[in-house]
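The values are calculated or read from the model by the stated rules, or taken from the named source; none is laboratory data. On a predicted model such as this, the values are computed, not experimentally measured, just so you know. Glycine gets a Cβ as well: all are built from the backbone with ideal geometry, and neighbour counts include every protein chain shown. For accessibility, only protein heavy atoms count, side chains too; no ligands or nucleic acids. Shrake-Rupley method; radii C 1.70, N 1.55, O 1.52, S 1.80 Å.
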There are 2 protein chains.
Amino acid sequence: MSLPHAILTALLEKPSSGLELTRRFDRSIGYFWPATHQQIYRELGKLEQAGFIRALPSEQPSRGQKKEFEVLPAGRAELTAWASGEQDAKPVRNALVLRLRAAAVVGRAGLDTELRRHLALHQRQLAEYEEIEARDFGAVADPKDRLRRLVLRAGVGLETFWVQWLQEALAEVEDMADDGEAGGRPGE
Amino acid sequence: MSLPHAILTALLEKPSSGLELTRRFDRSIGYFWPATHQQIYRELGKLEQAGFIRALPSEQPSRGQKKEFEVLPAGRAELTAWASGEQDAKPVRNALVLRLRAAAVVGRAGLDTELRRHLALHQRQLAEYEEIEARDFGAVADPKDRLRRLVLRAGVGLETFWVQWLQEALAEVEDMADDGEAGGRPGE
DNA sequence: GGCTGTTATGCAACAAGTTGCAAAAACTGT
DNA sequence: ACAGTTTTTGCAACTTGTTGCATAACAGCC
């Protein structure tokens, strides 16, 4: 149940329409809670239904016409409650690591390619985070910004970890390829 | 589409019944791809249907009676194919980080408690990984074990990161509580 | 005025994971 | 033999996320 709260947070930062939200998700909140526009529209509907947000009464709202939402007091209360309660950490799922484990059983053909591909992805993401950090957080005092910076530090730290681990993994896999056959165990 | 392949991997390592699989998931593969017994039984059914695995023909299989599965050639082929293709890295979702961001907007009441709780969880997980590493991987040469060790290293690295980040976050949040009010912004 | 492309909102079907419960067999104590 | 508990298998409903497509408004162009 996090998407609605992610949306409430975003709307409190700035009232927005569905598409605006989608775009903002693409480059900030979405780093830790991605969402497509379909998800967002659906959730906006529910939040409005529940009385947590409302459409700004600018014009008659019709399909294809922009509709801005703002958070109502009930919505702020809901978010506050959510943010002060406990959350049971959702399990982590990682297909790449799983694949490594599979490679231990059926052979490591194509494994290095995949590792390199992921390495590039994580390096790019890391660069993006570091760019944001350099741009938006020079010297910070405002508590609000300090928290946001912590969020970014999590991103940087995570990507740094993955880059390091992938390099380690690549070195290991290449070393294994040197002595021994090239692609694991071809036919069992 | 990773759960079936996780199961195939586990079954290739050792043919098992549904419950055995569930237990093995709880302490190895499940670290990176958790699954409940309900999921596993459902998936076993599909895999059998698809001709990837079969029940060992020990007895007449009925409800409540143990049923062991083994991987058929088609299943091994499927896993091999999956393990050599590309995988589009699934997005990461993290509610705790999201919550930090919410705290920047509605106040950080209860935040330190939650951070401490998560810190304890990650410390325990890290200890568990390190114990496994010490026990199972003294000096390794077998390629199979080197890959499995890499998987474990990913776990260790990830948990280490979270522990560090949480400590950093806690220090920061406590520092913010010192100067300024204690619980964020109570009523806006 | 009609064509085309972009912006914006949304439905519907599907896929995957979660939760709660139930039922058959096997084990355990009396 | 029987009752109660545990093991093992499984169904069904629900929630969340994904994918593909539909529809309306608007803007520019010829």
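Taking segment A:1-106 and the helices (runs of 4 or more DSSP H) fully enclosed by it, the elements with 2 or more residues that are surrounded by 13 or more Cβ atoms within 10 Å (Cβ to Cβ) and either more than 9 Å from chain B (Cβ to nearest Cβ) or near DNA strand D (Cβ under 10 Å from one of its atoms) (or both) are at A:3-13, A:18-27, A:37-49, A:73-84. Across segment A:135-158, the qualifying residues are those that are open to solvent by less than 60 Å² (accessible area, probe 1.4 Å) and more than 7 Å from chain B (Cβ to nearest Cβ), and the one among them that is farthest from the chain's Cα centre (by Cα) is A:Val140. Within segment A:113-134, residues that are open to solvent by less than 70 Å² (accessible area, probe 1.4 Å) reach partners that are in a helix (DSSP H, G or I) and of a type in the set (Phe, Trp, Tyr) with beta carbons closer than 7 Å, at six or more positions or on different chains, in the pairs A:His122/A:Trp162.
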